[in-house]
Structures are given as C-alpha cells and as structure tokens.
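Structure, as structure tokens:
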Amino acid sequence: MKKIIITIDGYSSCGKSTLAKALAAELNYVFVDSGAMYRAITLYFLRNHIDWNNKSQVVKALENITLEFGYCDDNATSEIYLNDENVEWLIRDMVVAENVSEVAAVKEVREFAVRQQRKMGDTKGIVMDGRDIGTTVFPDAELKIFLTADPAVRVERRFREMLTKNPHITIDEVKTNLEVRDYIDSHREFSPLKKADDAIVLDNSNLSMKDQLKIALKLVKERLETSKV
Ligand code: DC
C-alpha cells in the first residue's frame, strides 16, 4: 500500500491538529503535532530559567531535552513526552502560549526540532501539522494543505478551548495572544510561516469537521493515484 507525506500548515487556531488527527486516524498514518515540540521546549526553558536569547544556554539546554510522542489509548491520539514526562496538558497553558513564538524563532531550536521531524517522515505515512512543514520540513511532501479560517472564528475556537483549562481567561487575552503569535510566526527570520507555492488553501470557517475531512480525503485519494511513491 502506497504511503505519502501530508503537511498541514497555517495560522494559530485554524484547526490544523484537529484535521491532522482525523486524517491520520482515517488513513492509519502517524500524526505529529510539531507545535507541541516547540511548546515542550518552551516549557523546559521556562522551568529551568533558560534565557533563549543566550545562544550557549540554548545549545546546552537542548542537549538535555528528549522529545518523544507516545500513543494514548484513552484519547486515541499521540501525546508528547518531555524527558519521559507526559506534558501534553501542561504545554497548553497560557504561559507557554505567551512565550512559544519567541522560542520557536531561535535558529538552534528550529534546527533541533526540524532534524527530529524529518526523521519521523522517513517511512512516510505521516500527517504533520505546523507552520513550516510544507516549506522547510518536507518540501517534497505529496500533499500540502494550507488551512485558513476567519480571525474571529479562530479566536472563538481558541477561547472555548482555553476556558476548559482556565475559567478566568478573557476573549481579549486570547485574541491578543493569537495576533502576537501570528505576527512573530510569520515575520521571523528562520523558516517563517508562509504558504508553500504548491499548497492547497482550505478555508474551514464555514465547514464542519466532517466536511473538511471529506475534502482532505478526496485530495489524498487524488495524490495517491498520481504520486509515484
Ligand atoms: O500549533 P501550535 O499553536 O501549538 O504552535 C505553537 C507555536 O509553535 C506557534 O506559535 C509557532 C510555533 N511553531 C513553529 O514555529 N513551527 C511549527 N512547525 C509549529 C509550531
């Protein structure tokens, strides 16, 4: 059975992971949330008071970081482990969200993460979501999706998600965080967020999860029929 690499990139809170997870489950592929890797690194830096503007501190800290994904039966998805600790829940915290874009803009951090992401794609059969997956990590991926959604829809989605963790959070805090992250992610020097030339734009503002999955599966089918892998 032919297997391909599928990349899903886009701005924060477009539902990339939701679509990637559903696609991976449907196709029996591996799902990788690359943002979780940057979030776990940020959590490590915050916990250990690492100054990410100090190159030698960053390089030393990265030597002590092991990131792994393990399948969680209860949630039917893969979850991230930082040095053998499951941090899937902790990395969704606002304090991580407020610092992750700065950490993800550091060259050494990106090189560290991209090296591991490429290894995960060695055997294909993978759906990876992030910001630079179709441009930098897998520029030869068979299917690249660039997911978009109306900014107001994205804020509402992230607000609802964050409320389950923090009942005191306000919609303005969420809105500001998304705007700041999107700005830093798309203006950084190394591997900024941008649509790959050969990516297909999918706007899911008015699509149900079922409908967007249907569209994505149709694209996969087409690619499987036409790709030489
Ligand atoms: O997808 P997310 O919101 O969990 O990602 C968290 C941050 O990580 C995001 O603000 C930018 C960064 N990121 C990145 O720079 N490159 C990726 N491939 C994935 C995420």
Extension gain from GLU179 to GLU111, taking 0.36 nm per residue of separation minus the Cα-Cα distance
22.0 nm
Partner lysines for LYS194 [C-alpha distance under 20 Å; skip if fewer than 8 residues away on the same chain]:
LYS16, LYS107, LYS144
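Using Cα-Cα distances under 8 Å and only pairs 6 or more residues apart, what relative contact order does region 25-152 have, in percent?
32
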Could you go through region 104-111 in sequence order and give the Karplus-derived ³J(HN,Hα) for each residue, using 6.51 cos²θ - 1.76 cosθ + 1.60 with θ = phi - 60°, rounded to whole Hz, and x for Gly and Pro?
5, 8, 7, 3, 5, 5, 5, 4
Across LEU147, LEU207, LEU67, the residue with the highest GNM fluctuation in the chain (Cα network, 10 Å cutoff) is LEU207
So for region 92-211, taking the charge dipole from beta-carbon charges (+1 Lys/Arg, -1 Asp/Glu), which of HIS168, LEU178, ALA113 sits furthest toward the positive end?
ALA113
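Using only alpha carbon pairs under 8 Å that are at least six residues apart, calculate the relative contact order of the chain and give it in whole percent.
On the way: 331 pairs, mean separation 76.7, N = 229.
Reported as a whole number, the value is 34 percent.
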Could you give me the ³J(HN,Hα) list for region 71-84, computed from phi with Karplus coefficients 6.51, -1.76, 1.60 and θ = phi - 60°, whole Hz, x at Gly and Pro?
6, 10, 4, 4, 9, 6, 7, 8, 10, 8, 10, 9, 6, 6
Taking H as built 1.01 Å from N, whose amide H comes closer than 5 Å to the amide H of TYR29, not counting residues under 5 places away?
none
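What FRET efficiency, computed as 1/(1 + (r/R0)^6) with R0 = 30 Å and r the Cβ-Cβ distance, is obtained for THR123 and ASP197, rounded to the nearest 0.05?
Values: r = 26 Å, r/R0 = 0.87.
E between THR123 and ASP197, to the nearest 0.05, is 0.70.
Could you tell me which trypsin sites (Lys or Arg not before Pro) in region 174-229 are loop residues by DSSP with no more than 12 other beta carbons within 10 angstrom of their beta carbon? List each step's numbers first, then the result.
Numbers: sites: LYS175, ARG181, ARG188, LYS194, LYS195, LYS210, LYS214, LYS218, LYS221, ARG223, LYS228; in loops: ARG188, LYS194, LYS195, LYS228.
For trypsin sites (Lys or Arg not before Pro) across region 174-229 that sit outside H, G, I, E and B with at most 12 neighbouring Cβ atoms in 10 Å, the list reads LYS228.
Full extension from ASP74 to MET94: what is 0.36 nm times the residue separation minus their Cα-Cα distance, to one decimal in nm? Spell out each step's value before the answer.
Details: separation 20, 0.36 × 20 = 7.20 nm, distance 2.44 nm.
Difference between extended and current length: 4.8 nm.
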How much area per residue is accessible in the chain when the probe is 1.4 Å and only protein heavy atoms are counted (Å²)?
52
Magnitude of the charge dipole, region 75-229, Cβ model with Lys/Arg +1 and Asp/Glu -1, debye to 20:
500
So which of LYS3/LYS214; LYS21/LYS175; LYS195/LYS221; LYS119/LYS210 end up more than 29 Å apart, counting from Cα to Cα?
LYS119/LYS210
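What is the percent carbon and sulfur in the accessible area of region 11-84, measuring with a 1.4 Å probe over the protein chains and ignoring ligands?
Numbers: 1570 of 3640 Å².
Roughly 43 percent of what the probe reaches on region 11-84 is carbon or sulfur.
Round to a whole number: what % of the accessible area of region 98-192 belongs to carbon and sulfur, probe 1.4 Å?
Working: 2420 of 4550 Å².
Percent of accessible area from carbon and sulfur atoms in region 98-192: 53.
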Amide H contacts of SER205 (H built 1.01 Å from N, under 5 Å, at least 5 apart or other chain)
ASP150
Going by Cα centres, region 169-213 and region 1-56 are how many Å apart?
13
Extended-chain gain in nm, criterion 0.36 nm per residue less alpha-carbon gap, LYS60 and THR226:
55.3 nm
Testing the spin-label approximation: label points 7 Å from Cα along Cα→Cβ at ILE169 and ASN83. State their distance in nm.
2.6
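Find the relative contact order for region 61-117 and round it to a whole percent, using C-alpha pairs within less than 8 Å whose residues are 6+ positions apart. Don't skip to the answer; put the middle values down first.
Working: 42 pairs, mean separation 12.7, N = 57.
Result for region 61-117 is 22 percent.
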Quick one: what are the phi-derived ³J(HN,Hα) couplings along region 192-207, Karplus 6.51/-1.76/1.60 with θ = phi - 60°, whole Hz, x for glycine and proline?
x, 5, 7, 6, 5, 4, 9, 7, 9, 7, 10, 9, 9, 3, 10, 10
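The values are calculated or read from the model by the stated rules, or taken from the named source; none is laboratory data. None of these values were measured; they are calculated from a predicted model. Neighbour counts run over all protein chains shown; Cβ positions are idealised from the backbone, glycine included. For accessibility, only protein heavy atoms count, side chains too; no ligands or nucleic acids. Shrake-Rupley method; radii C 1.70, N 1.55, O 1.52, S 1.80 Å.
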